[in-house]
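Working notes for the structure below.
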Amino acid sequence: MLLVCRFQVPPGDEPVFLARARRAVELLSGSPGARHVGLGRAVDRQDRWVLVARFESVVAYRRALSPFEVREHVIPLLAEALADEPGAYETLLEGEAGAVTEHPSLLAE
């Protein structure tokens, strides 16, 4: 399960956004089933940021979003993400050290 949330952060708002995002990364990465959580900034547009989180499963993703502290700190941040594209994706291929693992789709045909 892959979560991709893109943000547009106005100049001058970066310190507050970064503090909120740091807390979100801390909380999400501490969840059981979290594989990786990271925050990045676009190299060609400094007002664009992305939060990417990988979870073992959809269940792990949903459980990660359920604790009170996550609902208090993370959900409000995610609600500010740009909403012109989906944010949650199933993982179909993973590569590590040149080896590719294929996962079956969870979506109904």
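The values are calculated or read from the model by the stated rules, or taken from the named source; none is laboratory data. None of the values given here were measured: they were computed from a predicted structure. Every residue, glycine as well, gets a Cβ built from its backbone with ideal geometry; the counts of neighbours run over all protein chains shown. Only protein heavy atoms, including side chains, enter the accessible area calculation; ligands, DNA and RNA are left aside. Shrake-Rupley method; radii C 1.70, N 1.55, O 1.52, S 1.80 Å.
Against the numbered list (1) at pLDDT below 95; (2) in contact with a helix residue (DSSP H, G or I) (Cβ under 7 Å, 6 or more places away or on another chain); (3) assigned to a strand (DSSP E or B), residue 106 comes up short only at (3).
With respect to the conditions (1) at pLDDT 95 or above; (2) touching a strand residue (DSSP E or B) at 6+ places or on another chain (Cβ under 7 Å); (3) not in a loop (DSSP other than H, G, I, E, B), residue 101 lacks only one, and its number is (1). In this structure, is residue 37 open to solvent by less than 30 Å² (accessible area, probe 1.4 Å) and β-branched (Val, Ile, Thr)? Against the criterion (open to solvent by less than 30 Å² (accessible area, probe 1.4 Å) and β-branched (Val, Ile, Thr)), residue 37 qualifies.
Residue by residue, here is whether (1) touching a His at 6+ places or on another chain (Cβ under 8 Å); (2) open to solvent by less than 90 Å² (accessible area, probe 1.4 Å); (3) at pLDDT 95 or above holds:
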site	(1), (2), (3)
46	no, no, no
56	no, no, no
68	no, no, yes
78	no, yes, yes
85	no, no, no
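Comparison of 16, 74, 50 shows that the only residue that is within 17 Å of the chain's Cα centre (by Cα), in a helix (DSSP H, G or I) and modelled with pLDDT of 95 or more is 74. Taking the conditions (1) surrounded by fewer than 16 Cβ atoms within 10 Å (Cβ to Cβ); (2) not in a loop (DSSP other than H, G, I, E, B) in turn, residue 60 satisfies each one other than (1).
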